[in-house]
Amino acid sequence: MRQITMAEAINEALREEMQHDPHMFIIGEEIGLRGGAFTCTRGLMEEFPGRVLDTPISESAIAGAAYGGALSGTKAVAEFMFSDFSFIAMDQIINSAAKSRYMFGGQATIPVVFRMSSGSGRQQAAQHSQSLEVFYAHIPGLKVVMPATPYDAKGLLKAAINDHNPVVFLEPRILYFKKGEVPEEEYSIALGKGDIKRSGDDVTVVATGAMVERALAVAEKLGREGISVEVIDPRTIRPLDTELIVNSVKKTGRLVVVHEAPKTYGMAGEVITLVIEQAFDYLNAPPQRVAGHDVPIPYNRNLERLAIPLEEDIEAAVRQSLK
């Protein structure tokens, strides 16, 4: 199978869906002539004139226009360069898009996707490096997606564009230019379905976004010692594939949850609580959390590296769960 980057996979998903729907549009800053800050929309402005809209620096206007188009039944994708900038559009995303289907008694569809880069790893400092998946997952009415591979990015984005609900699509920016296998033919991945990235019997590691790659590296290392680690990528933060996680824990008896966002009030707490509610009797050890520190992401390269989970942190948590 061919190897392409996550940015290229996202570009393909957008191109295919715009080919299928002549009314779909994309809107954002520098997404046209420049092709997006991370090249995800490169070439689309020329191929679809009038449907890839460059805007002034106004996230509230971008989100409002996309939501307005979706409210009228037109599929829309809004791009924010950084998830941090989406705070400027909170009213449009949270008070309008997330609430509309409920307020209209389910009679309206809101086919809008809010795409945004997420996370750290590129020395872009505190205001450009946050991981906000749980912030958005807390809002009823929003679906929240975070792919970890090019294959997942393409399939999940196509599903998000065709969903009737607003979707926040978080793209780990450290993964944009990493390659992975993506088939030539079209496909989509249902939202709410996680994936077992590596099967194992001794410990379940649930990892999200850029942490999936690190969890797999740890699993590979420990596998050479005879420790069998199962790595699960939820892919969709909301709705969460609870069944997949619970069944894995029932098999392994141990749980480690890894995410880049700060530990306090993070996703790990939610996942662990769900497992305790549904599979407490299967646990052979206390669940472990491996997460970012409760600090703004530093600019300094070495400090940035230490602010989020490292492979050795994941390894230590897995070993602790086996004691």
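Listed by position, the strands (runs of 3 or more DSSP E) inside segment 30-120 whose residues that are aromatic (Phe, Trp, Tyr) and open to solvent by less than 60 Å² (accessible area, probe 1.4 Å) number at least 2 are 76-82.
Matching residues to (1) polar (S, T, N, Q); (2) under 18 Å from residue 157 (Cα atoms); (3) in contact with a Ser or Thr (Cβ under 8 Å, 6 or more places away or on another chain):
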site	(1), (2), (3)
19	yes, yes, no
22	no, yes, no
28	no, yes, yes
32	no, no, yes
38	no, yes, yes
44	no, yes, no
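Under 6 Å between Cβ atoms, at least 6 apart or on separate chains: pull out the pairs that start in segment 258-269 with a residue that is under 15 Å from residue 146 (Cα atoms) and touching a residue at least 60 places away in the same chain (Cβ under 8 Å) and end on any residue that is among the polar types (S, T, N, Q) and surrounded by 17 or more Cβ atoms within 10 Å (Cβ to Cβ). Filtered contacts from segment 258-269: 259/208; 260/131; 261/131.
From 306, 310, 283, 274, grab the single residue that is in contact with a Gly (Cβ under 7 Å, 6 or more places away or on another chain) and of a type outside the set (S, T, N, Q).
The match here is 283.
Residues being small (Gly, Ala, Ser), open to solvent by less than 60 Å² (accessible area, probe 1.4 Å) and within 22 Å of residue 29 (Cβ to Cβ) are represented in segment 157-167 by at least one member.
When we screen 241, 163 for residues that are in contact (Cβ under 8 Å) with a residue 24 or more places away in the chain, out of contact with any Leu (no Cβ under 6 Å at 6 or more places or on another chain) and within 24 Å of residue 275 (Cβ to Cβ), the only hit is 241.
Looking for whichever is touching a Leu at 6+ places or on another chain (Cβ under 7 Å) and of a type in the set (A, V, I, L, M, F, W, C) here; the options are 108, 63. Which one fits? Of 108, 63, the one residue that is touching a Leu at 6+ places or on another chain (Cβ under 7 Å) and of a type in the set (A, V, I, L, M, F, W, C) is 108. Take the conditions (1) open to solvent by less than 40 Å² (accessible area, probe 1.4 Å); (2) over 17 Å from residue 55 (Cβ atoms); (3) in contact with a Lys or Arg (Cβ under 6 Å, 6 or more places away or on another chain); residue 123 misses just one of them, which is (1).
Only a single criterion out of (1) over 16 Å from the mean Cα position of the chain (by Cα); (2) of a type in the set (Ser, Thr, Tyr); (3) more than 21 Å from residue 162 (Cβ to Cβ) is not satisfied by residue 74, namely (3).
For segment 17-33, the candidate set comprises residues that are of a type outside the set (S, T, N, Q) and over 24 Å from the mean Cα position of the chain (by Cα); within that set, the residue that is modelled with the lowest pLDDT is 33. Close Cβ contacts (under 9 Å, 6 or more residues apart or on different chains) running from residues in segment 123-135 that are on the phi > 0 side of the Ramachandran plot to residues that are surrounded by 22 or more Cβ atoms within 10 Å (Cβ to Cβ) and not polar (S, T, N, Q) comprise 125/297. Pairs are defined by a Cβ separation below 7 Å, a sequence spacing of at least 6 or placement on different chains, a first member in segment 95-110 that is among the polar types (S, T, N, Q), and a second member that is open to solvent by less than 60 Å² (accessible area, probe 1.4 Å) and modelled with pLDDT under 95; the pairs so defined are 100/108; 109/73. Looking only at residues in segment 180-229 that are out of contact with any strand residue (DSSP E or B) (no Cβ under 6 Å at 6 or more places or on another chain), of a type in the set (Gly, Ala, Ser) and over 27 Å from residue 142 (Cα atoms), the one that is least open to solvent (accessible area, probe 1.4 Å) is 180.
The values are calculated or read from the model by the stated rules, or taken from the named source; none is laboratory data. Small disclaimer: the values here were computed from a predicted structure and weren't measured. Here the Cβ is made from the backbone with ideal geometry for all residues, glycine too, and neighbour counts use every protein chain on show. With ligands, DNA and RNA removed, areas are computed over all heavy atoms of the protein, side chains included. Shrake-Rupley method; radii C 1.70, N 1.55, O 1.52, S 1.80 Å.
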